[in-house]
1. Convert 10 °C to kelvin, take the viscosity as 1.306 mPa s, use the Kirkwood radius over C-alpha pairs of the range A:185-321 as Rh, and evaluate the Stokes-Einstein diffusion coefficient in µm²/s, rounded to a whole number.
2. In debye, nearest 20: dipole of the range A:185-321 around its Cα centre with unit charges on the Cβ of K, R (+) and D, E (-)?
3. What does the net charge come to around B:ALA324 if you take all other residues with beta carbon closer than 11 Å to its beta carbon, with K and R at +1 and D and E at -1?
4. Would you mind computing, in nm to one decimal, how far apart the modelled labels at A:GLN231 and B:THR170 are, each placed 7 Å from Cα along Cα→Cβ?
5. Just B:ILE62, B:ILE133, B:ILE30 to compare: in a GNM of chain B, with alpha carbon springs under 10 Å, which one fluctuates most?
6. Step by step: find N for the protein assembly as shown, compute 2.2 N^0.38 Å, then divide the Cα radius of gyration by it. What's the final number?
7. Which net charge results for the neighbourhood of A:MET120, defined as the other residues with beta-carbon distances under 13 angstrom from its beta-carbon, given Lys and Arg at +1 and Asp and Glu at -1?
8. Once the convex hull of the alpha carbons of the range A:1-128 is built, what does its volume come to per residue, in cubic angstrom?
There are 2 protein chains.
Amino acid sequence: MKKFVNDPANFVREMMEGLALANGSTLRWIPEYNIISRADMPRNDKVSIIQGSGSGHEPAHIMMVGKGMLDAACPGNVFAAPPMEYCYECIKLMKSERGVLNLVNNYQGDRMVWDMAREMAEADGIKVGVVIIDDDVAVQNSTYTVGRRGVAGNWFVIKCCAAAAERGATLEELVSLGKKVNSVVRTMGVALTSCTPAAKGTAIFEIGDDAMEVGIGIHGEPGRFRAKMKQADGIVDDVFDAVVKDLPFKRGDRVAVMVNGMGGTPFSELYLLYRRVAQDCAKGGLEVARNYVGSYCTSLEMAGVSLTLLRLDGEIEKLLDAPAEIPIRVF
Amino acid sequence: MKKFVNDPANFVREMMEGLALANGSTLRWIPEYNIISRADMPRNDKVSIIQGSGSGHEPAHIMMVGKGMLDAACPGNVFAAPPMEYCYECIKLMKSERGVLNLVNNYQGDRMVWDMAREMAEADGIKVGVVIIDDDVAVQNSTYTVGRRGVAGNWFVIKCCAAAAERGATLEELVSLGKKVNSVVRTMGVALTSCTPAAKGTAIFEIGDDAMEVGIGIHGEPGRFRAKMKQADGIVDDVFDAVVKDLPFKRGDRVAVMVNGMGGTPFSELYLLYRRVAQDCAKGGLEVARNYVGSYCTSLEMAGVSLTLLRLDGEIEKLLDAPAEIPIRVF
């Protein structure tokens with residue numbers, strides 16, 4: 001296993017400890033419940049924004065905690081939903097008079113624990129709103145999902161809801177906004193390699209030297225089909241077509257584009273892929289008003305990419321522009 | 001070959017085109033000479049800061065062009081120095097009455113082309129200053145190097161010189177500052193896997209399933225020794241010890257720490273590694289005033305990491321704090 005790891009059982013804990021050590025003045029780490037939160041939250045004049053899902057997708061979602069993004073994140077083990085009692089503690093910790101907004105990626109495991117945690121918190125008198133994120137166009141149902149999967153589009157739902165919360169939006173307004181953003185964001189991914197959770201010690205699926213999985217899930221769930229490797233432009237064209245047709249995006253739409261590396265794909269390849277996405281957008285009459293090229297939602301060290309398109313309007317653009325500060329940064 | 005690529009001969013060009021398309025309002029791309037520059041440079045009231053070295057290390061160095069960082073970058077093909085005439089064109093393009101500062105990573109190929117380009121530019125009456133970067137403590141001479149190699153510490157030399165240039169420093173002051181920063185920065189890396197240049201189509205070296213290369217160069221040059229894989233903390237301890245002893249860093253020093261992924265290492269592992277670096281710093285009495293965790297100087301899709309320590313003083317800290325804007329960003 002070619003990974004930097006100590007005892008695989010401590011992988012998530014040690015990653016969180018490193019994150020906390022690197023951000024001592026802004027983040028708080030609660031090891032008993034796997035929670036990373038902003039050190040200055042909660043506040044009764046702002047809805048708290050939280051998320052909790054399996055680890056292995058970093059920077060999603062523990063490295064998205066910070067001003068203008070998540071107020072707290074509560075991950076499970078690699079590719080596993082967090083324990084229900086941790087979710088409950090996370091809601092309680094972020095309790096605010098204005099309420100708590102929980103952004104849930106659509107996986108059965110996550111939905112179950114957060115449903116139970118919400119019920120318990122509501123019994124304590126805490127207002128909890130929920131938005132389900134399901135931006136992956138690849139397949140309708142999947143290994144761990146009824147309905148579509150939540151993948152990299154999650155980033156845009158967090159960014160918009162968190163920015164609106166900083167500006168004083170109510171819980172009801174945020175639920176409505178989150179649903180709106182989710183309704184105009186679409187993603188599809190391609191994997192060239194598998195990945196290896198430390199605790200498993202072996203790859204989560206097998207794939208041939210000249211094969212790729214089109215429509216891959218972020219836990220290695222099967223996509224639409226397995227195909228022979230082809231050139232980058234052809235891969236982009238296929239994925240672009242699937243994403244555009246799904247909403248559908250139309251000529252004249254202003255969009256944000258995300259070219260997201262799956263963990264093992266370097267910047268060089270991501271920009272090479274972006275080139276073709278920009279060409280395809282131009283050809284399809286989509287105006288790219290914003291682009292995001294980097295690793296936002298990964299599958300450990302998988303070599304792969306996903307393409308996300310978000311249809312913009314004035315409200316969403318303003319929210320994407322709002323300042324935010326999170327642990328992943330360049331300077 | 002598990003890469004996103006079209007014709008391998010176009011890898012660098014298509015990556016640069018993607019970068020230019022993604023940053024149309026701030027960057028200018030000159031395909032004839034492989035140059036990416038700030039759209040608003042040169043200016044006669046500011047020294048221009050340039051760099052040109054092999055591709056394959058992205059974001060170094062074409063994705064470091066922007067306000068407060070490089071004014072222009074001129075890459076070669078993957079792991080190959082740029083052609084001399086491109087270097088010459090790059091200097092001419094960034095010509096300023098205050099001069100041009102060329103930050104050269106210490107590889108024989110880079111030094112040769114930039115020496116010749118500088119002589120030609122000086123014959124044209126352009127003032128050119130040079131700083132050689134050689135922060136890698138692993139080996140004294142190497143496959144492509146007389147003296148030490150320039151690796152991830154390059155980032156800090158660029159950041160400080162570029163910030164000082166924005167504040168009006170002279171060429172002479174910048175050469176002196178660059179040498180000073182280079183004199184207090186030290187790096188060593190470890191590779192778990194090799195990497196594959198698209199044009200070669202096969203890995204640049206072979207490494208066993210349970211082996212790692214300690215002191216790896218960023219072009220796959222041999223390091224200090226090859227060892228059996230071990231746990232992350234042990235790897236960090238070894239690298240930390242080598243880096244600290246080299247300057248040497250001393251108890252009470254304030255430092256910046258960079259944990260740099262080599263292209264195929266995800267954030268999860270980088271933060272797990274940062275945890276141990278922070279512990280080692282605490283044990284050794286080093287105060288970590290700043291940390292940088294991410295992929296800054298890569299070797300294509302190599303799974304690996306390097307650790308850089310920079311000894312801080314008031315001047316360097318202020319320069320690291322200065323605002324900067326480059327293509328790689330999160331928001």
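1. In µm²/s, the coefficient is 104.
2. Here the size comes out at about 240 debye.
3. 0
4. 5.4
5. Between B:ILE62, B:ILE133, B:ILE30, it is B:ILE30 that shows the largest mean-square fluctuation.
6. Scaled against compact globular proteins, the figure is 0.92.
7. Once all neighbours under 13 Å are counted, the net charge is -3.
8. 98
The values are calculated or read from the model by the stated rules, or taken from the named source; none is laboratory data. Just so it is clear, the structure is predicted and the values come from calculations on it, not from any experiment. In this analysis, Cβ positions are derived from the backbone assuming ideal geometry, glycine residues included, and neighbour counts consider all displayed protein chains. SASA here: full protein model, heavy atoms, side chains in, ligands and nucleic acids out. Shrake-Rupley method; radii C 1.70, N 1.55, O 1.52, S 1.80 Å.
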